[in-house]
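Worksheet: the structure to be examined is printed underneath.
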Amino acid sequence: MIRLSKMTDYAIVLMGYISRHPNNEICTSRGLSEESQLPLPTVSKILKGLSRAGLLVSHRGNKCGYTLVHDATEISVAEIITAMEGGLALTECSSTAPVLCELEQSCPVRSNWKKINDAVCSALDGLTLDEMATPLANNFGQVGNGQSLLKLVKR
């Protein structure tokens, strides 16, 4: 199973809540905790990490809190995942880190994993925070260009 960590999932959720606020409205950890119903220590930890990664601006002083560095239309889901996970790689050999696999030189599927990883990364890079934070219409069972998932499965 390919799965993002809970903290990364929560980071995307919190960024979605922040993006719903008017431009430059400072969001506090406590306010976001109440809004999202996530524990305050978790929210604080995630917001600090997103700030260190350059996706949020941390405001100190009387009006302390966080704002988005860029408009939600300019932040990709891939950027949030990278901030939390350090990058996205479906397998060891599709990562940008040096590979430590004994099969690396003779692996017949390595290039295909790289191709799959690149497609997933491209899809996440093309999905903005604004799009992610906007609820979909009630089109359950529809994919892509409106085709039914059932039709695609039957092909």
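What follows draws every value from the coordinates through simple rules; no lab data is involved. Small disclaimer: the values here were computed from a predicted structure and weren't measured. Because the Cβ atoms are built from the backbone with ideal geometry, glycine has one as well, and the counts that use them run over all protein chains shown.
See the values below:
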| item | result |
| --- | --- |
| Computed label-point distance, nm, for sites Ile2 and Tyr17 using a 7 Å Cα→Cβ extension | 2.9 nm |
| Those trypsin sites (Lys or Arg not before Pro) in segment 1-109 that DSSP places in a loop and that have at most 15 other beta carbons within 10 Å | Arg3, Arg60, Lys63 |
| Exposure proxy order (Cβ contacts within 10 Å, fewest to most) of Tyr10, Tyr66, Tyr17 | Tyr17, Tyr10, Tyr66 |
| Fully extended contour minus Cα-Cα distance, from Ile116 to Asn24, at 0.36 nm per residue | 29.4 nm |
| Cβ-derived FRET efficiency at R0 22 Å, Glu85 paired with Ser58, nearest 0.05 | 0.55 |
| Cα centroid of segment 54-109 to Cα centroid of segment 4-43, whole Å | 18 Å |
| Segment Leu40-Ser106, extension gain: residue separation times 0.36 nm, minus the distance between their alpha carbons | 18.9 nm |
| Per-selection Kirkwood Rh - segment 6-137 (Cα, Å, 1 d.p.) | 16.1 Å |
| Pairwise FRET efficiency - Ala137 versus Asp71, Cβ, R0 = 25 Å, nearest 0.05 | 0.60 |
| Value of [θ]222 nm, deg cm²/dmol, for the chain, DSSP H segments ≥ 4, -39500 (n - 2.57) each, nearest 500 | -13500 deg cm²/dmol |
| Crossing angle, helix 110-125 versus the chain [Cα axis fit, 0-90 degrees, rounded to tens] | 30 degrees |
| Mean Cα-pair separation over length for segment 6-137, i.e. relative contact order, pairs under 8 Å, 6 or more apart, % | 29 percent |
